[in-house]
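The values are calculated or read from the model by the stated rules, or taken from the named source; none is laboratory data. The structure presented is a predicted model; accordingly, all values stated were derived computationally and were not measured. FYI the Cβ positions are ideal-geometry reconstructions off the backbone, even for glycines, and counts take in every protein chain you see. Areas reflect the complete protein model, heavy atoms only, side chains present, ligands, DNA and RNA absent. Shrake-Rupley method; radii C 1.70, N 1.55, O 1.52, S 1.80 Å.
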Amino acid sequence: MIETEDLSKQFHDFMAVDGVNLSVQSGQILALLGQNGAGKTTTVRMLTALLQPSRGWARVAGYDVVKNGHDVRASVGVLTEQHGLYMRMTANEYLDYFGQVYSLSPSARRTRSNNLLEYFGLAEAAHRRIGEYSKGMRQKLALARAMMHDPGVLLLDEPTSAMDPESARLVRDEIARLKSTSRTIVICSHNLTEVEVLADKIAIIYRGRILLQGTLDELKSQVLGAPEYEVKFSEAWDSAGFEMPDGVDLLSQTPTSLKVRVKRPEESNPQILNMLSSKSASVMAFQEEARTLEQVYLKVMTEARGQEHVQ
Amino acid sequence: MFSKLKLVWLVAGRELRDQFRDWRVLAPMLILTLCFPFLMNEFARQTVDFLNQYNANLILERLVPFSIMIIGFFPITVSLIVALESFVGEKERGTIEPMLSAPLDDWQLYFGKLLVGVATPLIASYVSIGLYLFMASRQNLAMPPAPVMVQLFLLTTAHAFLMVSAAIVISVQSTSVKAANLLASFIVIPVAILMQGEAVMLFWGNEQVLWLAVAGVMIIALLLIRVGLAHFQREYLLGREIDVINLRWMWKTFWLNFRGGANSVGGWYRNVLGSAFRRILPAMFFMVVIAGVSIWMGYDWINQNVAETIAKASPGDLELVKERVGDLPDLAEIRDSISAPFLFLNNTRAVAIIFLAGLVSFSVLGILLYMVNIGLIGGIFALLQLLGIQPWPIFLTGVAPHGIFEIPALMIGSAVVLYIGASLVTPQTGKSMGEVVLELMADWAKIFIGLVVPLLAIAALIEAYITPGLLLNVLSL
């Protein structure tokens, strides 16, 4: 579990993180989105007790990041921006080394290491020097290191950025599995599709401040407004006398289609369908207009920059 | 505790293994370790042949110990690269963050790096020395006696600890390997100068002083380790600062601390200097104790070493000395040659030298110089007694009038040095080492300008215009 309040970090005159409030429960995944230099890595470093907050507080896995730095580090698995692998070691040696750092027993180290290497498809290369690995293999190994001590909290910076689609899928599946075993996970990513699939909560950070935070649906409705639906007819339809129910706005209409914005889809959508059916409209399709996280993110960023410009 | 120490060894073991897998590190170390003893042996052989022509037996006797010292030193300088890049190298390669994110305490990381940093050069040095001794023994060269041999091994070990602990401080504080390597000259050159001094002691044959050198070097090495640990900050190691000298920031930090928000000279003396002086009060107490010890040591040393010489001196020689002590030159002549500005500059320079020596040695050398200065009082007192001259009248008229200003100035000036040394080896949360040094410099400047300089100025005026008259009156009685 992660909780922060007014978490801030100042480097000389530069405010890298400013008043961040987060709450991530066990079994939840929070995605931190933002440009490079927005403050994601600094936030993660404070959550790992690597940087001391200039203001505010954070508790990770029940420990205060300032008072119990050692315990925080022991409870957290971190995939860092730079993978930080020792190139002259083999994958086996590397995982065993970190297993020892995390005080795992020899048998636990062997079992954990074998399982992780097997899962990430690195078992065959386990005896090769890391320097000979491809970028994707290195990233998988770094991820294996972060999971080596089976931590309760995982902080992952771009977990799939260098991976091929197959490996990325493998990693996403593992993250989803970890979530189902009550792990608390924070992901920093620029891969918005991945975030849409994985994250329970999303926080958009800009110049050290959280601009927006919530579930994907909350973000979409907050930023893009009520959802839009398109109705397609197989034959031209006479709409004379047809009135939209309350809370539904007609956006556009052609003889074979309708586009509407629905404030409460769970109430209004069945009503629309019933009314169309009673009017003998030949409904061929009724679908929500695709609204992606990318649209949300870009709109938020554009607005933030615009506001900054005005100020 | 054992499990905690195990992690130190784990950090060191990984690094050591990494080194032995890198031929670029291994090859130069091996070449130097194995080839240098041969070169030194050949040099020794040529030197012996040359010196035998002139019967220079003292140099011949000391040739092997001197060679051992040199042979021990060279592999350390080359292996220093390991310690220099221990932290900053990992920072550059991006491997530092997973280590810092692991549940390792600062001291475990630090000592892990220190252990491997010291082990590598020491192994190289011992192998080199062993190889050279083997070759020297086959040439029938005079081998040093066992105590000197022990001293040489301890000296080599002390040099390794000193250089490596300094290199690790540099490695923690540097932002790039390039900068760390450039800063290494600040380690190699002073240690090379130190070794020249040690070589002089070796040829001079004063083995007791060499023990002091071993102890002194070890104390400074331990203080350096303490400094490194005190200023070890994970945050700093993750910083992205580049190596730019920010003179504006440096001046601003210094000036803010020096001025301390005061708007007038009176306010500055009352509040800023007052609080700085209160900070050095514990150090002042130590300086008073050290002064007592130094005076006693000076007194005792003269009694131990000079009494015998005086006892052996002929009555004629003793009479001559007494005459010269009593036969002071003309007062006007003293005033011409030793003016107040001369005395002031001389004493100010002495305090400044104590500060500089203290700054580079975490106060150790500064305090030693202070002890020598104060110890002179006890020494002169003993000397006058041995010559049968009443010391008290001379001291009360020749030292006390200006001494009541000069000695406190020296004590205060040296107490700041002790305070700086103690502050440097104390952890300062949330401050970089640069900030700490600048703040301490500001503290020193406050006390130096606000207290030491005025006291020395008064002392110089008294010493130039009042003391000679009083002293002459006493001597003419």
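Based on the alpha carbons, how large is the Rg to Rh ratio for chain B when Rh follows Kirkwood? Working shown, then result.
Numbers: Rg = 27.0 Å, Rh = 26.0 Å.
Result for chain B is an Rg/Rh of 1.04.
Label points 7 Å out from Cα along the Cβ direction at B:TRP204 and B:SER264: separation in nm?
Here the answer is 5.5 nm between the modelled labels.
For the range B:2-238, restrict the atom set to alpha-carbon positions and state the Rg and Dmax in Å.
19.3, 66
For A:HIS127, A:HIS149, A:HIS70, what's the largest-to-smallest order of accessible area, 1.4 Å probe?
Values: A:HIS127 145, A:HIS149 30, A:HIS70 75 Å².
Result, largest first: A:HIS127, A:HIS70, A:HIS149.
Can you check what the Kirkwood hydrodynamic radius comes to for the range B:197-307, Cα pairs only, in Å to one decimal? Each step should come with its number before you reach the end.
Working: mean 1/r = 0.0508 Å⁻¹.
Mean inverse Cα-Cα distance, inverted, gives 19.7 Å.
For the range A:169-237, what does the relative contact order come out to in percent, with C-alpha contacts under 8 Å and a separation of six or more? Don't skip to the answer; put the middle values down first.
Working: 31 pairs, mean separation 11.8, N = 69.
RCO, the range A:169-237: 17 percent.
Quick one: if you stick a label point 7 Å off each Cα along the C-beta vector at A:ALA285 and B:MET149, how many nm between them?
Calculated label separation equals 9.4 nm.
Apply 1/(1 + (r/R0)^6) to the Cβ-Cβ distance of B:GLN385 and B:TRP107, taking R0 = 45 Å, and write down the FRET efficiency to the nearest 0.05.
The value I calculate is 0.30.
Which angle from 0 to 90°, rounded to the nearest 10, does the C-alpha axis of helix A:91-101 make with the longest principal axis of chain A?
Helix A:91-101 sits roughly 80 degrees off the main axis of chain A.
Enter the accessible area of A:ARG55 (Å², nearest 10), with the probe set to 1.4 Å and all protein chains included.
In the full protein context, A:ARG55 sits at about 100 Å².
Step through the table entries A:LYS9/B:LYS252; A:LYS9/A:LYS40; A:LYS9/A:LYS67; B:LYS4/B:LYS113; A:LYS9/A:LYS179, compare each Cα-Cα distance with 19 Å, and write down the pairs that go over it. Working shown, then result.
Details: A:LYS9/B:LYS252 22 Å; A:LYS9/A:LYS40 11 Å; A:LYS9/A:LYS67 17 Å; B:LYS4/B:LYS113 15 Å; A:LYS9/A:LYS179 29 Å.
The answer is A:LYS9/B:LYS252; A:LYS9/A:LYS179.
Which whole-angstrom value gives the distance between the alpha carbon centres of the range B:6-51 and the range B:355-429?
Using only Cα atoms to place each centre, the spacing works out to 43 Å.
Hey, can you list the DSSP H helices of chain B whose Cα span along the axis is 15 Å or longer and whose average Kyte-Doolittle score is at least 1.0? Walk me through the numbers before you get to the answer.
Numbers: long enough: B:2-20 (26 Å, 0.08); B:23-52 (43 Å, 0.83); B:57-84 (41 Å, 1.90); B:106-137 (46 Å, 1.12); B:146-173 (40 Å, 1.74); B:185-204 (28 Å, 1.80); B:207-230 (34 Å, 2.04); B:247-259 (17 Å, -0.36); B:281-305 (35 Å, 0.98); B:315-326 (16 Å, -0.44); B:340-360 (30 Å, 1.62); B:364-386 (32 Å, 2.16); B:400-424 (36 Å, 1.43); B:433-447 (21 Å, 0.81); B:453-465 (18 Å, 1.95).
Taking the DSSP H segments of chain B (at least 15 Å long, mean hydropathy at least 1.0), we get B:57-84, B:106-137, B:146-173, B:185-204, B:207-230, B:340-360, B:364-386, B:400-424, B:453-465.
Below 19 Å, Cα to Cα, which aspartates and glutamates can A:LYS263 reach? Residues fewer than 8 away in the same chain don't count.
A:ASP217, A:GLU218, A:GLU228, A:GLU230, A:GLU243, A:ASP246, A:ASP249, A:GLU288, A:GLU289
Given a cut-off of under 8 Å on Cα pairs at least six residues apart, what relative contact order in percent is computed for the range A:202-311?
Details: 134 pairs, mean separation 33.5, N = 110.
Relative contact order, the range A:202-311: 30 percent.
Give the angle, between 0 and 90 degrees and rounded to the nearest 10, that separates the Cα long axis of helix A:265-278 from the longest principal axis of the Cα atoms of chain A.
Roughly 30 degrees between the two axes.
What FRET efficiency, computed as 1/(1 + (r/R0)^6) with R0 = 25 Å and r the Cβ-Cβ distance, is obtained for B:TYR465 and B:SER275, rounded to the nearest 0.05?
0.10
Could you work out how much longer the chain between B:ASN305 and B:ILE70 gets when fully extended? Use 0.36 nm per residue separation minus the Cα distance between them, nm to one decimal. Mind showing how you got there, number by number?
Numbers: separation 235, 0.36 × 235 = 84.60 nm, distance 3.27 nm.
Residue separation times 0.36 nm, minus the Cα-Cα distance, leaves 81.3 nm.
How large is the charge dipole for chain B, taken about the Cα centre, if only the Cβ atoms of Lys, Arg (+1) and Asp, Glu (-1) carry charge, to the nearest 20 debye?
Working: 29 positive and 31 negative charges, 290 e Å.
That gives a dipole near 1400 debye.
Of all DSSP beta bridges located in the range A:2-221, what percent are antiparallel, nearest 5? Provide the component values of the computation, followed by the final result.
Numbers: 20 of 37 bridges.
Around 55 percent antiparallel, to the nearest 5.
At a Cα cut-off below 19 Å, give the lysines reachable from A:LYS279, other chains included and same-chain residues fewer than 8 away excluded.
Straight-distance partners of A:LYS279: A:LYS232, A:LYS259.
Residues with amide H under 5 Å of A:ARG209's amide H, sequence separation 5 or more or different chain, H placed in the peptide plane at 1.01 Å from N; which?
Answer set, sorted by chain and number: A:ASP18.
Counting only DSSP beta bridges with both residues in the range A:108-235, what percent are antiparallel, rounded to the nearest 5?
Numbers: 5 of 10 bridges.
For the range A:108-235, the DSSP antiparallel bridge percentage is about 50.
Please report the relative contact order for chain B, taking Cα pairs under 8 Å with a sequence separation of at least 6, and give it as a percent rounded to a whole number. Don't jump to the answer; show the numbers that get you there.
Numbers: 530 pairs, mean separation 79.4, N = 477.
Averaging sequence separation for qualifying contacts and normalising by length gives 17 percent for chain B.
Just to confirm my numbers, what's the Cα centroid distance between the range A:173-244 and the range A:109-148 in Å?
Cα centroid to Cα centroid, the span is 33 Å.
Give the whole-number value, in cubic angstrom per residue, of the convex hull volume spanned by the C-alpha atoms of the protein assembly as shown. Walk me through the numbers before you get to the answer.
Numbers: hull volume 179.7 nm³, N = 788.
Output value, Cα hull per residue: 228 Å³.
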